[in-house]
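Below you'll find the structure, written out as structure tokens, and then a few comments.
Values quoted throughout were computed directly from the atomic coordinates according to the rules given, and no laboratory measurement underlies them. Computed from a predicted structure; not experimentally measured. Note that we place each Cβ from the backbone using ideal geometry, even for glycine, and neighbour counts take in every protein chain shown.
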Amino acid sequence: MRFQIECNRLLNSQTCLTCHKQFDLQEARLIICDDEGQCCGDVCPECIAKGAKWIDSRLPKFNQKLSA
Ligand SMILES: [Zn+2]
């Protein structure tokens, strides 16, 4: 699981990957990627503020679906 900061050019709404709320994308967006670099989704600023560990604990376990 990786966290990636990207500069956002298209300001639109996204659904947060961890709390599932709709939020407006900020200029800097946090994107969750799996270990292969596949983009899994965006995380809202409220969840970002709770920290990486909290986000990680809320995420579905993408890694396990391959090995399960
Ligand atoms: Zn959120």
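Brief remarks follow.
- Distance (nanometres) between label positions extended 7 Å along Cα→Cβ at GLU6 and LYS21: 2.3 nm
- Rounded if a/c under 1.5, otherwise prolate or oblate - region 2-61, Cα gyration tensor axes: oblate
- Applying both filters, DSSP loop and at most 13 other Cβ atoms within 10 Å, to the trypsin sites (Lys or Arg not before Pro) of region 1-46 gives ARG9, LYS21.
- For the chain, the relative contact order comes to 30 percent (Cα pairs under 8 Å, sequence separation of at least 6).
- With the charge dipole of the chain set up from +1 on Lys and Arg Cβ and -1 on Asp and Glu Cβ about the Cα centre, the Cα lying farthest toward the positive end among the listed residues ALA49, CYS39, LEU10 is that of ALA49.
- The sum of -39500 (n - 2.57) across all DSSP H runs of n ≥ 4, divided by the residue count of the chain, sets its helix-only mean residue ellipticity at 222 nm to -5000 deg cm²/dmol.
- Long-range amide H partners of CYS44 with built H, under 5 Å: LEU17, THR18, CYS19
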